[in-house]
Amino acid sequence: MWKPACEANRFVLPFFFGSGGGQKEDEAMSSLEIEEKSIEDAIRVACETLKLPREMLDIEIISRGSSGIFGIVGAKKAKIRVRPKKTSPEVLLERAKAILEEILRYVKLPVVVDGELREDHVYLNIISNGSGLLIGKKGQVLDSLQYLVSRILSKQVGQNISVVVDTENYRSRREESLRELAQKLREKVKKTGKPITTGLMNTSERRIIHLALKDDPDVRTKSKGEGTMKRIIVYPIKQDKVKSKRTGQ
């Protein structure tokens, strides 16, 4: 029997600590099968687990179960399959804010969470006098909050949702500093004629560096490493090879 991993009125991270990604994870995100003594009990568990009201769930009854003889011999549990219904952008925003607010309850800092819908993601901004703690070293705490909110929200609504968590415009300031870093690396590579390797960066940080130097005729970039944290190598393009390609020699 499946059991909910939460206490009443406590925050739940349904399916969060999984074993990996890919197709199986997408299937788990899209539906959930629950067995309980009755249909109503199974629906109640589904609502508690997904933190969604009944009206926001698509419920498929697989088996109504049976009490058997004297409630002992041949008894079968009721079984349902549930999945979140399609959610409007406005509801996504409110749910994302609620998730982040619930996580921040454990931070012991006075915070206010504001948010807005942007073209390709939900943007959440934390207003607090302890933004330094919320950002962490190189934005690691903020990145962790962002990852948690995005994953929890995606699990709850049954679709992949991109969420950006920010405070005191850290994201835009970090992006600008990375663009400046990209230009400094470019100049140094051009001057020395030797490749330069950066420190470890996450996916979004690497993307900024790659895009900043994508159209530069003198250098190229590539990622190196395993996992989500990788380094970037900025290396020079030999001008004789460039000329050779242009002339077809």
- Computed FRET efficiency, Cβ-Cβ of Lys77 and Lys224, R0 41 Å: what is it to the nearest 0.05? 0.20
- Per residue, in Å², the accessible surface of region 113-249 once ligands and nucleic acids are set aside, probe 1.4 Å: 61 Å²
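For region 105-249, which whole-number percentage of the solvent-accessible area (1.4 Å probe, protein heavy atoms only) is attributable to carbon and sulfur atoms?
Details: 4560 of 9070 Å².
With neighbouring chains kept in place, the figure for region 105-249 is 50 percent.
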- Item | Cα-based reach from Lys191 at 20 Å (exclusive), listing aspartates and glutamates while leaving out same-chain residues under 8 positions away | Glu180, Asp215, Asp216, Asp218, Asp240
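The values are calculated or read from the model by the stated rules, or taken from the named source; none is laboratory data. Keep in mind that this is a model prediction, so the values were computed, not measured. Reconstructed Cβ throughout: ideal geometry from the backbone, glycine too, with neighbour counts over all protein chains shown. Please note that ligands, DNA and RNA were not included when accessible areas were found on the heavy atoms of the full protein model with its side chains. Shrake-Rupley method; radii C 1.70, N 1.55, O 1.52, S 1.80 Å.
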